[in-house]
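Only one structure is covered here, and it is reproduced in the block below.
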Amino acid sequence: MRYAIVIEKAGSNYSAYVPDLPGCVATGQTFEDVKHEIQEAVAFHIDGLKADGLPIPEPSSMCEYVEA
C-alpha cells in the first residue's frame, strides 16, 4: 500500500504525519531523517494494528500542489 504523508518544517526540525493512519507521526532533524522515521512509523503502526486484530485503513488521501 502507498500512503500519503505530510511533512512540515517545525522550527529547527521536521515533523510528519499520515492522514490515513491517525496517530502515526514522526520527527527528524532533517527532511531526509523525517522521511526515514515516518516510513518506520508506518510499518510499526500497521504491525500494531495487525497485532491488535484491527483493520488496516486503505490509503485514500491524495496530494496535489497549486500555484499561488
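On the basis of the beta-carbon distance and an R0 of 25 Å, F31 and V66 show a calculated FRET efficiency of 0.75. Restricting the chain to trypsin sites (Lys or Arg not before Pro) that sit in a DSSP loop and have at most 10 other Cβ atoms within 10 Å of their own Cβ leaves R2. Which whole-number percent of Cα pairs in the chain have a distance greater than 16 Å? That fraction is 50 percent.
Put in line by how crowded their Cβ is, counting other Cβ atoms within 10 Å and starting with the fewest, L54, L49, L21 read L54, L49, L21. Ranked by how many other Cβ atoms sit within 10 Å of their own Cβ, fewest first, the residues V25, V6 fall in the order V6, V25. As a proxy for reagent exposure, C63, C24 were ordered by neighbouring Cβ count within 10 angstrom, fewest first; the result is C63, C24. Within the chain, the GluC sites (Glu not before Pro) that combine a DSSP coil assignment with at most 15 other C-beta atoms in a 10 angstrom radius are E64, E67.
As a calculated quantity, the FRET efficiency between K50 and E8 at R0 = 35 Å, using C-beta atoms, amounts to about 0.80. As a test of the formula, what do you get for the chain when each DSSP H run with n ≥ 4 contributes -39,500 (n - 2.57) and the sum is divided by the residue count, at 222 nm and rounded to the nearest 500 deg cm²/dmol? Mean residue ellipticity, 222 nm, calculated: -10500 deg cm²/dmol. Taking 0.36 nm per residue of separation and subtracting the Cα-Cα distance, full extension of the segment from A43 to M1 would add 14.0 nm.
Computed from phi, the 3J(HN,Hα) profile of segment 43-59 under the Karplus parametrisation 6.51, -1.76, 1.60 (θ = phi - 60°) reads 4, 5, 4, 5, 4, x, 4, 4, 4, 8, x, 9, x, 8, x, 6, x Hz, with x in place of Gly and Pro.
Values quoted throughout were computed directly from the atomic coordinates according to the rules given, and no laboratory measurement underlies them. A quick note: this is a predicted structure, and the numbers were derived from the prediction, not measured. As a convention, Cβ positions derive from the backbone with ideal geometry for all residues, glycine included, and neighbour counts pool all protein chains shown.
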